[in-house]
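One structure coming up, written as structure tokens, with questions to follow.
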Amino acid sequence: MTRRTVYVNARVFTADEPAWAEAIAVDDGTILAVGTEPEVRAAVGGADPGGADVETVDLDGRLVLPGVIDAHTHLVMMGEALGRVGLTDARSLDEIRARLVAARAAAPDAPRVLGRGWLFDSVPGSAPTAAMLDEVLPDVPIYLDANDYHSCWVNSAALAELGITRDTPDPIGGRIGRDAEGEPDGMLYETAAQQYAWEHLAAQATDADRDAAVERTIAAYLATGVTGVVDMAFDELGLAAFRRAAERRGGTLPIRVVAHWFVANTGDASANLAQVARAASLADEVATPWLRIAGIKLVLDGVIDACTAAMRHPYVDGSNAEPIWPLEALEPVVAAADAAGLQVALHAIGDAASGIALDALEHAHAVNGDRDRRHRIEHLEFVDRADVARLARLGVVASMQPVHADPAIWANWAAMLGDERADRGFPWTEITDAGAVLAFSTDAPTAPHEALPNLYVAATRRSALDDSFPANHPEYAVPLADAVRHATRDAAYSCREEGSRGRLAPGLAADFAVIDRDPFELGDDALLEARVIRTVVAGRTAYRADARPTESTDRGARAAA
Ligand SMILES: [Zn+2]
């Protein structure tokens with residue numbers, strides 16, 4: 001028996017043409033009609049003249065948006081981060097240490113103290129050391145992920161647990177911070193953080209820990225109007241955790257998960273290609289509307305804040321970073337994934353890295369010929385003007401994170417570049433003016449996962465964290481309607497789902513969010529106060545902000561949102 005619902009008395013932004021409507025009819029998870037109330041009622045009646053029960057939901061004049069698709073996120077890490085000591089707003093070493101000491105006091109028997117989100121400029125000299133942590137908690141290992149997740153700050157007990165000494169070599173694409181005498185200083189950068197700290201912690205984490213993390217992530221996303229996500233570093237443990245989450249629910253999930261399989265540069269060409277082959281077989285094997293492997297993810301460089309992004313010209317201190325994937329190692333991997341029909345997502349923050357990414361994609365076009373492909377570059381924080389044009393010509397999706405351009409975290413980013421390059425950071429309008437598709441996301445947990453503050457930064461280039469900062473190059477802000485389209489319609493395009501969701505139109509999935517106030521009428525500032533009050537996925541209410549009784553299913557009965 002099908003379930004039919006008409007949602008009426010709403011301000012529906014469709015991210016389609018026409019842009020606005022007042023009612024939606026849903027038939028068993030799919031949108032049947034969008035338009036005026038008489039139009040959608042006629043569609044319901046016309047489709048079922050026998051007259052099944054039709055539920056009516058009165059949305060009380062509220063704003064309805066297509067369900068947000070977070071087109072670049074890290075699901076298990078986000079759930080883990082939600083369970084760690086938050087340090088982003090701890091703006092001094094004393095405050096960071098006080099929170100760690102308090103966390104230890106609250107859990108004196110925990111094997112470790114785990115924190116996340118600290119900012120370099122909260123630490124004296126932007127130079128964290130193990131000794132700073134040893135002074136307050138010498139006896140328990142401490143692991144603190146930086147806000148951008150490209151480095152990890154640990155204490156001496158953690159270094160000992162990891163077996164890191166002055167004789168430990170730096171891994172490819174990473175660095176163990178060392179003091180003037182060559183002793184490890186407590187900082188692990190890029191692959192050193194990944195391969196030492198995170199792999200160690202992942203090995204300690206149990207399936208139950210990961211299951212709890214997955215559930216925290218799902219609940220947090222639904223509460224902010226997100227109905228679909230694209231994980232950008234899926235691995236065997238994450239896949240197993242999401243398969244268990246689906247099994248617990250008879251094969252479905254409350255949110256739609258598309259994933260890119262993480263492929264590391266092992267330094268060995270055949271081992272790299274073996275990872276692509278694994279992703280290709282998983283893409284065949286894991287292919288439901290709820291959980292699907294779409295492609296691979298390659299990290300070409302680091303981040304500007306830590307001077308680990310690969311730039312065409314050095315940083316202000318004269319340093320630069322080598323790409324993690326040199327072109328000759330990258331080309332065969334991208335070409336193999338392209339030939340296998342996989343989507344390729346390339347993390348490239350510096351202009352040298354995005355140039356390499358586009359070179360490798362051009363090579364794949366040349367060797368594999370014309371085909372339906374949907375490749376993407378992640379972040380693109382500082383990109384060469386000529387490469388913006390090349391990106392558009394190649395049909396590559398620009399996958400960018402408004403929250404990473406928040407003015408509250410901008411100062412260090414600009415200072416590391418130290419020249420006029422800082423005036424062309426995150427040039428969203430330049431990218432869309434060139435004709436490229438721009439998909440928005442949050443890259444949680446490197447930034448807050450909430451959808452509406454992300455749209456606020458997109459539409460204003462102002463800070464969602466601290467309103468005392470001036471707008472950060474507002475010439476690159478996008479109008480709110482376009483910001484929503486980039487976070488819904490274009491995010492769906494980024495994972496080849498534009499024909500099934502991302503807009504509110506007949507035949508597409510009934511995935512949408514109801515917002516308690518309307519920033520289109522009240523102004524962009526209302527995005528900071530607005531709350532999601534209902535999230536609908538596949539026609540089912542997956543989240544409600546209040547605990548009112550569920551609405552009657554009698555024909556004609558009305559329930560307020
Ligand atoms: Zn990411």
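The values are calculated or read from the model by the stated rules, or taken from the named source; none is laboratory data. Note that this is a predicted model, so its numbers are computed, not measured. Note that each Cβ is placed from the backbone with ideal geometry, even for glycine, and that neighbours are counted across all protein chains shown.
Exactly one condition in (1) under 30 Å from R489 (Cβ atoms); (2) away from the ligand (no atom under 16 Å from the Cβ); (3) among the hydrophobic types (A, V, I, L, M, F, W, C) is false for A98; which is it?
(1) is the only condition that A98 fails.
Within the range 53-88, how many residues turn out to be away from the ligand (no atom under 16 Å from the Cβ), among the acidic types (D, E) and modelled with pLDDT of 95 or more?
Residues that pass the stated criteria total 2.
Mind counting the residues in the range 228-264 that are aliphatic (A, V, I, L, M), within 16 Å of the ligand (Cβ to nearest atom) and within 22 Å of R501 (Cα to Cα)?
Of the residues in the range 228-264, 6 are aliphatic (A, V, I, L, M), within 16 Å of the ligand (Cβ to nearest atom) and within 22 Å of R501 (Cα to Cα).
Identify all residues within the range 428-445 that are closer than 12 Å to R376 by Cβ and either within 16 Å of the ligand (Cβ to nearest atom) or charged (D, E, K, R) (or both); write none if there are none.
Once the filter is applied, which keeps residues that are closer than 12 Å to R376 by Cβ and either within 16 Å of the ligand (Cβ to nearest atom) or charged (D, E, K, R) (or both), the range 428-445 yields A439, S441.
Of the residues A510, A561, A492, which is of a type in the set (A, V, I, L, M, F, W, C), surrounded by 23 or more Cβ atoms within 10 Å (Cβ to Cβ), at pLDDT 95 or above and touching a Lys or Arg at 6+ places or on another chain (Cβ under 6 Å)?
A492
Of the numbered conditions (1) farther than 25 Å from I69 by Cα; (2) among the charged types (D, E, K, R); (3) more than 16 Å from the ligand (Cβ to nearest atom), R210 satisfies every one except a single condition; which is it?
In the conditions (1) farther than 25 Å from I69 by Cα; (2) among the charged types (D, E, K, R); (3) more than 16 Å from the ligand (Cβ to nearest atom), R210 misses (1) alone.
Follow-up. Among helices (runs of 4 or more DSSP H) lying entirely in the range 485-544, which contain 2 or more residues that are more than 24 Å from G61 (Cβ to Cβ)?
Per the criteria, 489-494.
Just wondering, is there one or more residues in the range 412-429 that are crowded, with 17+ Cβ neighbours inside 10 Å and β-branched (V, I, T)?
no
Which fully enclosed helices (runs of 4 or more DSSP H) of the range 311-421 have 3 or more residues being at pLDDT 95 or above, within 16 Å of the ligand (Cβ to nearest atom) and not assigned by TED's automatic domain parsing to the domain that holds T191?
The helices (runs of 4 or more DSSP H) meeting that bar are 351-368.
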